[in-house]
Every structure is written in structure tokens, then in C-alpha cells.
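S.K.: Shown below is the structure under consideration.
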Amino acid sequence: MSMDEHVRDGAALRHLAREWIKEVEGVIAGKRMVIERMVTACLCEGHVLLEDKPGVGKTTLVQALATASSCSFRRIQFTPDQLPGDITGGPVMNPRTMEMTYRPGPIMAQIVLADEINRASPKTQSALLEAMEERTVTADGETRPLPRPFMLLATQNPLRHEGTYPLPEAQLDRFLFRLAIGYPDHDEEVELLERVRLAHPIGRVRAVVSTGQLMAMQRAVRHVWVDAAIKRYIVTLADATRTHPDLELGLSPRGSISLMRGAQAAAWLDGRDYVIPDDVKSVAEPVMAHRLLPKRHAAGFEPAEWIAALLKRVAVPHAARMLRGTGGGLA
């Protein structure tokens with residue numbers, strides 16, 4: 001493929017990604033930033049934790065995202081009495097052959113909505129760890145691959161709500177982003193009432209991106225150039241969280257990778273084939289906030305404020321250095 005063809009294909013894929021965002025925005029009014037970040041995560045094949053109050057549209061957002069992407073979709077409604085096999089599937093008796101065969105669980109889909117994930121017991125939550133990290137499930141002694149792409153988009157109510165369990169740190173670390181939708185403002189809520197007056201807008205969502213096109217976008221994002229200076233900038237941010245006296249747990253190496261992947265996707269969506277510090281900054285809060293565990297003495301710790309201060313404090317690489325050796329944007 002010539003360079004001109006490569007550029008044209010990249011532009012066409014970016015146009016489709018923006019159409020994807022626009023289609024979902026037709027359901028969730030006034031939340032373009034959240035939708036863009038959801039699409040950014042999907043471009044990295046990353047998992048997302050939507051943490052917010054009931055009734056703000058978390059489930060609807062995930063359903064719209066999946067429908068507009070043509071991906072296979074399954075919803076798991078988590079409850080306290082759920083068992084790991086209810087997620088992964090397991091052996092069932094075939095009445096005709098009288099043999100045990102594997103029945104796939106709802107995790108066997110390309111986009112899986114884990115609705116109210118923190119209502120499940122820790123044992124059931126742990127069944128998701130292998131799927132989130134290795135893209136496989138093990139049931140009945142056999143390991144099976146999940147379909148690709150695979151993304152777990154989970155919703156969570158605040159922990160003060162009755163009947164919820166905290167997610168373990170190992171599971172939180174597997175989510176690329178943690179996002180909140182928030183209440184709509186006055187005019188947005190008036191628009192919402194008009195949209196749902198006759199029928200819910202989720203029924204009007206069109207599939208605007210094919211699975212093959214989504215995977216092509218994901219490959220393009222992986223080839224966005226990340227200069228060594230940007231990588232050092234990311235690690236410097238991570239080191240600052242690991243050595244701070246108020247933090248029990250800082251950013252893991254998996255978190256550093258998430259920062260880089262998220263920055264690559266942000267750059268690609270912005271029309272660039274190389275990462276700049278602003279790309280890292282744009283995804284820092286959704287990547288880092290849920291991974292930082294304050295010590296007990298750090299009363300009133302606010303992750304968003306702390307991360308904003310960190311980004312101001314850490315020096316950024318010189319712009320000229322980041323543009324060297326892009327070679328058309330392929331690392």
C-alpha cells in the first residue's frame with residue numbers, strides 16, 4: 001500500500017469513528033466527552049468501568065455503543081447469588097447423545113455489559129479476571145478464547161448503596177478507564193424528555209461501524225508513533241504516584257501501558273499519527289484515578305484534583321523531539 005492510500009484509509013476510518021460517536025450521541029444527549037472516551041477505550045480494546053448514580057444512562061450508553069459498532073452483545077445482570085459458571089458457562093448434558101458438552105456463558109460476546117458489577121460477590125467478580133486480561137475463559141478444565149474484539153463495559157453504583165461489594169484492586173487495574181456520566185444540565189434533560197416522549201431512542205440506533213472496520217481502527221491505533229521522550233514522561237508520572245507519601249498504591253506497569261494506549265487512541269482520533277503530551281494528559285484522569293489507593297491518614301483525598309496537580313508539576317517533553325522519526329506514523 002502506498003503512503004497516499006494509507007493516508008486515505010486512515011482518514012476513512014477516522015470518519016467512521018466520528019460517525020460512531022455521533023450515532024451514540026443521538027441517544028445520550030450532551031455527553032460527547034464521555035462518549036468519545038468510551039470510543040477511545042474501544043479503539044484500544046480496553047475495558048471501561050462506568051461508576052455513577054442509578055438512572056443517568058450507563059446501561060443505555062453501553063447498549064448504544066454496541067449496537068452502533070455491529071459487535072455481538074450480551075448483557076449480564078449481576079446479583080449477589082450469581083455463580084462464576086453463570087458467567088463463563090459450563091458443561092451440560094446433551095439428552096440425545098447423553099454426553100456432557102460445553103454451553104457458552106454470556107461472557108462469549110464481543111461487547112459484554114456487566115451491569116451493576118459490584119452487586120456480585122467477590123468470588124463471582126474474580127471469574128472476570130481471566131477474561132479481562134487474557135481474553136480467554138476456563139470452564140470444565142478447558143481454556144477457550146473469547147471472540148475478538150472483546151471489551152467488558154461494566155456499570156457500578158456507588159458503594160454506599162445497599163447490597164454492593166468493593167471491586168478488588170486487581171480487577172480495578174484491568175479497567176482501562178473509569179468514567180462517570182453525571183446528571184444532564186437543564187436544557188439537556190428537557191431534550192431527553194422530548195427524545196423519549198414517543199419511543200426510546202435506543203431503538204433508532206444504526207450500525208455504522210462493522211466489526212472488521214473496528215479491528216482495522218484498533219490496528220491503526222497500535223501504529224501511532226510514541227517517542228521515547230513520551231514513554232519516559234508516562235513513566236515519570238507513574239513513578240510520582242508510587243513514591244508519594246499519601247498513596248498506599250500507585251500506578252502499576254499495566255496502568256502505564258493504559259496511559260500509552262489511551263494516548264495513542266486520543267492522538268489517532270485527533271487526526272495525528274504521533275502522540276504529544278496533551279494526549280497523555282487528556283486520558284490521565286480516567287486511567288489513573290481508580291488505580292490510586294490513598295493511605296488512611298490521607299483524609300479528603302480527591303483523585304481528580306491530585307492528578308491535575310501532578311500534571312502541572314511534572315515537566316513535559318520538548319515538542320520538537322516528539323516529531324522525529326515518525327516515518328509516516330508507523331512505530
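The values are calculated or read from the model by the stated rules, or taken from the named source; none is laboratory data. All of these numbers come straight from a predicted model, not from anything done at the bench. Using ideal geometry, Cβ is built from the backbone for each residue, glycine included, and neighbour counts are taken over all protein chains shown. Ligands, DNA and RNA are stripped out before the accessible areas are found, and what is left, the full protein with its side chains, is counted by its heavy atoms. Shrake-Rupley method; radii C 1.70, N 1.55, O 1.52, S 1.80 Å.
S.K.: If you take the residues of segment 20-57 that are under 13 Å from the mean Cα position of the chain (by Cα) and of a type outside the set (A, V, I, L, M, F, W, C), which of them is surrounded by the most Cβ atoms within 10 Å (Cβ to Cβ)?
M.R.: Initially, segment 20-57 is screened for residues under 13 Å from the mean Cα position of the chain (by Cα), giving 34-51.
This time we only want the ones that are of a type outside the set (A, V, I, L, M, F, W, C), so: 36-37, 40, 45-47, 51.
Values: GLU36: 19, ARG37: 22, THR40: 27, GLU45: 20, GLY46: 23, HIS47: 24, GLU51: 21.
Taking the candidates together, the pick is THR40.
S.K.: So, in segment 65-78, of the ones that are open to solvent by 10 Å² or more (accessible area, probe 1.4 Å) and out of contact with any Ser or Thr (no Cβ under 9 Å at 6 or more places or on another chain), which residue ends up nearest to THR155 (Cα to Cα)? Quick ask: steps written out before the conclusion?
M.R.: Let us first name the residues in segment 65-78 that are open to solvent by 10 Å² or more (accessible area, probe 1.4 Å), namely 67, 70-75, 77.
Next cut, out of contact with any Ser or Thr (no Cβ under 9 Å at 6 or more places or on another chain) only: 67, 74, 77.
Values: THR67: 17, ARG74: 14, GLN77: 10 Å.
It comes out as GLN77.
S.K.: Quick one: in segment 200-214, which of the residues that are open to solvent by 60 Å² or more (accessible area, probe 1.4 Å) and among the small types (Gly, Ala, Ser) is modelled with the lowest pLDDT?
M.R.: Step one: list which residues in segment 200-214 are open to solvent by 60 Å² or more (accessible area, probe 1.4 Å), which gives 200, 203-204, 206-207, 213.
When the remaining residues are screened for being among the small types (Gly, Ala, Ser), the result is 203, 207.
Working: GLY203: 82, ALA207: 92.
Checking each candidate, the answer is GLY203.
S.K.: How many of the residues in segment 215-237 are under 30 Å from HIS297 (Cα atoms) and crowded, with 20+ Cβ neighbours inside 10 Å? Give the derivation first.
M.R.: The initial filter retains those residues of segment 215-237 that are under 30 Å from HIS297 (Cα atoms), namely 233-237.
Now drop any that are not crowded, with 20+ Cβ neighbours inside 10 Å, which leaves 233-234, 237.
So the answer is 3.
S.K.: Name the residue, out of GLU162, GLU248, GLU189, that is in a helix (DSSP H, G or I), at pLDDT below 90 and open to solvent by 80 Å² or more (accessible area, probe 1.4 Å). It would help to see each step written out before you state the result.
M.R.: On the way: GLU162 fails: in a helix (DSSP H, G or I); GLU248 fails: in a helix (DSSP H, G or I).
Being in a helix (DSSP H, G or I), at pLDDT below 90 and open to solvent by 80 Å² or more (accessible area, probe 1.4 Å) holds for just one of GLU162, GLU248, GLU189, which is GLU189.
S.K.: List pairs: first in segment 76-90 and closer than 12 Å to ASP140 by Cβ, second acidic (Asp, Glu) and open to solvent by 30 Å² or more (accessible area, probe 1.4 Å), Cβ under 6 Å, 6+ apart or cross-chain?
M.R.: Pairs that qualify, where the first residue is closer than 12 Å to ASP140 by Cβ and the partner is acidic (Asp, Glu) and open to solvent by 30 Å² or more (accessible area, probe 1.4 Å), are GLY90/ASP140.
S.K.: Considering only residues that are among the small types (Gly, Ala, Ser) and either open to solvent by 50 Å² or more (accessible area, probe 1.4 Å) or more than 21 Å from the chain's Cα centre (by Cα) (or both), which ones fall in segment 171-186?
M.R.: Taking segment 171-186 first, the residues among the small types (Gly, Ala, Ser) are 180, 182.
ALA180 - this is the single residue of segment 171-186 that is among the small types (Gly, Ala, Ser) and either open to solvent by 50 Å² or more (accessible area, probe 1.4 Å) or more than 21 Å from the chain's Cα centre (by Cα) (or both).
S.K.: Mind checking which strands (runs of 3 or more DSSP E) fall wholly inside segment 47-155 and carry at least 3 residues that are out of contact with any Cys (no Cβ under 7 Å at 6 or more places or on another chain) and not polar (S, T, N, Q)? So that I can check it myself, show each step before the final result.
M.R.: On the way: elements: 48-51, 73-77, 89-94, 99-104, 111-115, 136-139, 142-145.
Passing ranges, in order: 48-51, 73-77, 89-94, 99-104, 111-115, 142-145.
S.K.: With the structure loaded, tell me whether LYS281 is in a helix (DSSP H, G or I), more than 23 Å from ILE21 (Cβ to Cβ) and either out of contact with any helix residue (DSSP H, G or I) (no Cβ under 7 Å at 6 or more places or on another chain) or not hydrophobic (A, V, I, L, M, F, W, C) (or both) or whether it fails that test.
M.R.: On the way: in a helix (DSSP H, G or I): yes; more than 23 Å from ILE21 (Cβ to Cβ): no; either out of contact with any helix residue (DSSP H, G or I) (no Cβ under 7 Å at 6 or more places or on another chain) or not hydrophobic (A, V, I, L, M, F, W, C) (or both): yes.
No: the conditions fail for LYS281.
S.K.: I would also like to ask the following. Considering every residue within segment 123-133, establish whether at least one is surrounded by 14 or more Cβ atoms within 10 Å (Cβ to Cβ), among the charged types (D, E, K, R), over 23 Å from SER72 (Cβ atoms) and out of contact with any Ser or Thr (no Cβ under 7 Å at 6 or more places or on another chain).
M.R.: No - not one qualifying residue is present in segment 123-133.
S.K.: Kindly check whether there is at least one residue in segment 254-276 that is without any contact (Cβ under 8 Å) to a residue 60 or more places away in the chain, more than 24 Å from MET38 (Cβ to Cβ) and in a helix (DSSP H, G or I). Step through it out loud before you land on a result.
M.R.: Let us first name the residues in segment 254-276 that are without any contact (Cβ under 8 Å) to a residue 60 or more places away in the chain, namely 256-257, 259-260, 263, 267, 270, 272, 274-276.
Remaining after also requiring more than 24 Å from MET38 (Cβ to Cβ): none.
No: zero hits.
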